[in-house]
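The values are calculated or read from the model by the stated rules, or taken from the named source; none is laboratory data. This is a predicted model, so every value here is computed, not measured. All Cβ positions, glycine included, derive from the backbone under ideal geometry; neighbour counts span all protein chains shown. Side chains are part of the model used for accessible areas, which takes the heavy atoms of the whole protein and leaves out ligands, DNA and RNA. Shrake-Rupley method; radii C 1.70, N 1.55, O 1.52, S 1.80 Å.
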Amino acid sequence: AMAAAGCPVSANAAAFDPFGEAYQADPPEAVRWSREEEPVFYSPEIGYWVVTRYDDVKAVFRDNVLFSPSIALEKITPVSEEATATLAKYGYAMNRTLVNEDEPEHMPRRRALMEPFTPEHLAGHEPMVRKLTREYVDRFVDAGKADLVDEMLWEVPLTVALHFLGVPEEDMETLRRYSIAHTVNTWGRPSPEEQVAVAEAVGKFWQFAGTVVEKLRQDPSGPGWMPFSIRAQREQPDVITDSYLHSIMMAGIVAAHETTANAAANAIKLLLENRSVWEELCADPALIPNAVEECLRHSGSVAAWRRLVTADTTIGGVPIPRGAKLLIVNSSANRDERHFDNADAFDIRRENASDHLTFGYGSHQCMGKNLARMELQIFLEELTTRLPHLELVPDQEFTYLPNTSFRGPDHLWVQWDPSANPERSDR
Ligand code: HEM
């Protein structure tokens, strides 16, 4: 607790525990006291300074030199020696990708790799996303009951990511298996045994990602982000290095998968808990795009992000020393009354809903945000059209993987009367 030396820690700050029940149940609610009374505080439990108000969180995101993203993927729980040895056995060398890369390296890479994320390029993926979504819904549409996470929301974003990356069809199943085995433990508190099991999965995932890159190198003329990046490497070999290509092959899957799966589960849960809003979407699909933004604001899938302070500074008037680590709670910023009127209310017509910080902000802002938005919109379009009478299975308890940052229910049970399915009765 070096950073706290000499500065008083309030009782609330001392009690803050992002692995505790309150934060796991509802992150913005758990730090409401902070938004109101002590918006920047030191947490002895995790050794991080915690930032909870909209303007402060945005200011931290905005300055990626003073607030370096280099620790964004660092393990919050130190890695055991055994797990480190396991990773070494697989030659695991994932280091900087984009999300945790400092300037001046980051921006030239981001620019060189951006084109596949532009709306014109993304439009080409729309039929693939819709087809996949419809196929998954087909599997359970007559069942009357489903766990939307297990039966759709977990797998569709993963498969979309593999298509977006341009992974050859024949390698998709293997990557899907490794990726599913690799539960994101970066943000959690795994036991030493779990760490070794995770390290095995991560090591295999890493190795296989490398072989897929090598295969794509043989003929990088095809569609997708990886072939595009391999072609970009020929133009700018110093900007896009070999190890970098290997890293984004694996990191790209992780970045695109759980974030989107969790966002979709949170959104559908929130909409069904607010049944009249769901019915409005069924009646008027034009409301869906802004509803997606409001879901991302109110119940986003990234609850908090991290930065490292590179020079003595102040945040919200609080002096923060060089070397301090920051937990910036974007889910709390999204509920800040100073920026959003009636911030706790779920309002799909909210005019500034898209000001949310769930995708971060500034030069590292999520590159996949428009792909994620497209997926979420298509999920809602298909479900409201084909299963408008969907409802939550009553009295289910929602559980969440304990961690600081990635947030979504482990399961989402829904039910409906299949004999009332409109697409069927229309035929
Ligand atoms: C970066 C959230 C989906 C690719 C980020 C960051 C956040 C985030 C918080 C860090 C932003 C910052 O530091 O300012 C999300 C959420 C998603 C999502 C909530 C879904 C709802 C995706 C998808 C892809 C993707 C589908 C890829 C196809 C990336 C990349 C970066 C990034 C490449 C690094 C950008 C950079 O550092 O320059 N995302 N993401 N994300 N995301 Fe996403």
- Sticking with the crude label model, points 7 Å out along Cα→Cβ, report the distance from Glu120 to Arg338 in nm, one decimal please. 4.1 nm
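Taking only DSSP H segments of four or more residues, each worth -39500 (n - 2.57), what value at 222 nm results for the chain once the sum is divided by all its residues, to the nearest 500 deg cm²/dmol? Present the calculation step by step, with values, prior to reporting the outcome.
Details: 19 runs with 206 residues, N = 427.
Helix-only estimate at 222 nm: -14500 deg cm²/dmol.
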- Message: Using a 7 Å offset from the Cα along the Cα-to-Cβ direction at both Asp102 and Asn12, what is the distance between the two label points in nm, to one decimal?
- Response: 3.4 nm
- Tell me the label-point distance for the pair Asp312, Gln365, using the 7 Å Cα-to-Cβ offset, in nm and rounded to one decimal. 3.4 nm
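At a 1.4 Å probe radius, carbon and sulfur cover how many percent of the accessible area of region 271-427?
Values: 3100 of 6440 Å².
C and S fraction of accessible area: 48 percent.
Over all distinct Cα pairs, what is the inverse of the mean 1/r for the chain, reported as the Kirkwood hydrodynamic radius in Å?
Details: mean 1/r = 0.0443 Å⁻¹.
For the chain, the Kirkwood estimate is 22.6 Å.
Between their Cα atoms, which of Lys131/Lys325; Lys215/Lys369; Lys58/Lys89; Lys75/Lys145; Lys89/Lys369; Lys131/Lys215 are more than 32 Å away from each other? Walk me through the intermediate numbers first.
Details: Lys131/Lys325 43 Å; Lys215/Lys369 28 Å; Lys58/Lys89 40 Å; Lys75/Lys145 38 Å; Lys89/Lys369 35 Å; Lys131/Lys215 27 Å.
The pairs that break the limit, which is 32 Å between Cα atoms, are Lys131/Lys325; Lys58/Lys89; Lys75/Lys145; Lys89/Lys369.
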- Query: So, by mean Cβ neighbours within 10 angstrom, what's the order for 255-264, 118-127, 134-143, 242-251 with the highest one leading?
  - Reply: 255-264, 242-251, 134-143, 118-127
- Which three extents, in whole angstrom, do the alpha-carbon atoms of region 1-112 cover along their principal axes, largest first? 45, 38, 32
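How much accessible area per residue does region 2-425 have, counting only protein heavy atoms and a probe of 1.4 Å, in square angstrom?
Numbers: 17610 Å² over 424 residues.
Value for region 2-425: 42 Å² per residue.
How much length is gained if the chain between Ser70 and Glu391 is pulled fully straight, taking 0.36 nm per residue apart and subtracting their Cα-Cα distance, in nm to one decimal? Present the calculation step by step, with values, prior to reporting the outcome.
Details: separation 321, 0.36 × 321 = 115.56 nm, distance 4.23 nm.
That works out to 111.3 nm of additional length.
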- Task: Taking H placed 1.01 Å from N in the peptide plane, check which residues at least 5 places from Val40 or on another chain put their amide H under 5 Å from its amide H.
- Result: none
- Item | Dipole magnitude of region 2-425 about its Cα centre (Cβ charges: Lys, Arg +1; Asp, Glu -1), debye to nearest 20 | 1020 debye
- Where a label projected 7 Å from the Cα of Asp284 along Cα→Cβ would reach, residues of region 341-356 with amide N under 20 Å: 345-354
- Query: Taking Cα pairs under 8 Å and at least six residues apart, what relative contact order does region 2-425 come out at, in percent?
  - Reply: 26 percent
- Message: Whole angstrom only: what separates the Cα centroid of region 218-248 from the Cα centroid of region 40-59?
- Response: 37 Å
